[in-house]
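A short worksheet on the structure shown next.
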Amino acid sequence: MSLELSGTTPAIKGVAGSVSAPAITGDDADTGVSFPSANTIKFSTGGVERMSITDSGVTGTGIGAGKILQVVSTTKTDTFSEQVAGGAFSADAITVSITPSNASNKIFITCFINMGCQNAVEGKFQIFKAGSVLTGATGDASGTNTRVTAMSDAIDGTGQQTNIAGQYLDTAGGTSAITYSIRIGHGNPASTAKYVYLNRSWGDTTGVYDSRATSTITVMEVAA
């Protein structure tokens with residue numbers, strides 16, 4: 001392909017090249033820069049891609065595995081409540097979405113929630129990914145035991161909340177937007193439905209002795 005110089009923008013064009021045969025090189029024919037597709041610049045050495053810049057960000061070897069590429073966080077200040085059976089979990093109580101720049105990158109999830117329960121029962125939560133429980137982020141299967149990411153001791157139903165934290169390192173698995181969420185439950189038998197709350201207690205009485213709190217879920221894309 002020829003090199004075209006013009007007096008208009010862009011002044012240089014028609015030099016797409018490829019990773020194995022870059023469009024712009026020095027004396028080494030397989031080391032340089034290519035423009036193989038729309039919104040994409042690739043850098044290669046020895047005919048091997050080392051870095052790619054696209055409209056989604058920067059990826060590639062040599063940019064530092066473990067580097068934090070982006071951080072997305074949701075802090076929920078309002079309340080959430082739902083009546084659920086023991087061993088079951090609510091609808092999404094808090095969510096966050098992230099669009100990874102590379103399918104091989106990791107997504108580090110951290111969660112910190114303030115939870116209340118009806119009567120004195122344990123509070124618990126699971127991390128969901130795209131609407132399905134992230135089983136790698138729960139305890140092992142054991143009989144009929146409920147698998148959870150994290151749980152608390154029994155919460156006095158009248159006016160108390162407890163904070164529960166959890167984290168997990170997931171693999172992105174694609175470059176489309178991913179929604180992670182927290183769903184909450186309680187420790188009563190399956191036949192007993194109880195209310196679970198986010199950012200408030202069961203009593204939720206107006207007064208200085210009762211409180212409203214916040215809950216947060218944060219996701220970070222980590223270079224593979």
Worksheet, complete the sentence: Residues whose modelled amide H sits under 5 Å from the amide H of Ile94, counting only those 5 or more places away in sequence or on another chain, are Ile182
Practice prompt. Identify which of Asp55, Asp27, Asp210 has the largest mean-square fluctuation in a Gaussian network model of the chain, with springs joining Cα atoms closer than 10 Å.
Written response: Asp27
Discussion item. Run the paramagnetic zone check for Asn163: 7 angstrom along Cα to Cβ, then residues of the stretch 199-217 with backbone nitrogen under 16 Å.
Written reply: 199-201, 211-217
Item to complete: Work out Dmax and Rg for the stretch 68-222 from the C-alpha atoms and quote the Rg first, both in angstrom.
Response: 15.8, 50
Worksheet item: Quick one: net charge of Ser152's neighbours, Cβ under 13 Å, K/R +1, D/E -1?
Response: -2
Discussion item. To the nearest 20 Debye, how big is the dipole of the chain about its Cα centre, given +1 on the beta carbon of each Lys and Arg and -1 on that of each Asp and Glu?
Written reply: 220
Worksheet item: Taking the Cβ-Cβ separation of Thr179 and Ala21 as r and a Förster radius of 30 Å, what is the calculated FRET efficiency to the nearest 0.05?
Response: 0.15
Response to the item:
HN-Hα couplings for the stretch 196-202 via Karplus (6.51, -1.76, 1.60; θ = phi - 60°), in whole Hz with x for Gly/Pro, come out as 10, 9, 10, 6, 7, 8, 5
Discussion item. Could you give me D for the stretch 129-182, from Stokes-Einstein at 10 °C and 1.306 mPa s, where the hydrodynamic radius is the Kirkwood radius over C-alpha pairs? Units µm² s⁻¹, please.
Written reply: 115
Worksheet entry | Net charge of Cβ neighbours under 15 Å - reference Asn105; Lys, Arg +1; Asp, Glu -1 | +1
Worksheet entry | Protection proxy ranking of 106-113, 67-74 - average other beta-carbon atoms within 10 Å, highest first | 106-113, 67-74
Worksheet item: Just how many % of Cα pairs in the stretch 74-152 lie over 21 Å apart, if you round to the nearest whole percent?
Response: 34
Worksheet item: Can you list the residues, at least 5 places off or on another chain, whose amide H is less than 5 Å from the amide H of Glu82, using H built in the peptide plane?
Response: Val196
Worksheet item: Between Gln70 and Asp140, 0.36 nm times their residue separation minus their Cα-Cα distance comes to what?
Response: 22.1 nm
Discussion item. For Ala88, what residues show an amide H to amide H distance below 5 Å, using hydrogens built from the backbone and excluding near sequence neighbours?
Written reply: His186
Worksheet entry | Net charge of neighbours whose Cβ lies under 12 Å from the Cβ of Ile182, counting Lys and Arg as +1 and Asp and Glu as -1 | +3
Worksheet item: What are the ³J(HN,Hα) values, in whole Hz, obtained from phi via the Karplus relation 6.51 cos²θ - 1.76 cosθ + 1.60 with θ = phi - 60°, for each residue of the stretch 46-52 in sequence order, with x given for Gly and Pro?
Response: x, x, 10, 5, 10, 8, 10
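Quick note: the coordinates plus some simple rules give every number you see, no bench work behind them. These numbers come from a predicted model, not from an experiment. Heads up, the Cβs are rebuilt from the backbone with ideal geometry, glycines too, and the neighbour counts pull from every protein chain shown.
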